[in-house]
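Reviewing the structure listed below.
The values are calculated or read from the model by the stated rules, or taken from the named source; none is laboratory data. Since the structure is predicted, the reported quantities are computational estimates derived from the model, not experimental observations. Neighbour counts run over all protein chains shown; Cβ positions are idealised from the backbone, glycine included.
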Amino acid sequence: MRDEEEIREQYEFLVEELESEEMSHEGIREMFTYYRRALGWALEEEHM
């Protein structure tokens with residue numbers, strides 16, 4: 001299992017990618033949104 005710091009780094013990277021102008025294709029944006037949610041849920045479960 002990845003440590004929390006690595007997961008947080010990936011989460012922040014995805015947030016930046018979603019906000020960038022290059023992420024204009026809706027299918028890619030949707031995929032990253034789902035992945036970002038999954039990472040968020042993983043982080044929440046670690047702290048419950």
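Remarks
- Residue in segment 13-22 that is modelled with the lowest pLDDT, counting only those that are outside any loop (DSSP other than H, G, I, E, B) and surrounded by fewer than 11 Cβ atoms within 10 Å (Cβ to Cβ): Glu19
- Taken over segment 23-48, the criterion of being at pLDDT below 75 and of a type in the set (S, T, N, Q) is satisfied by Ser24 alone.
- Segment 1-12, subset acidic (Asp, Glu) and assigned to a helix (DSSP H, G or I), residue modelled with the lowest pLDDT: Glu4
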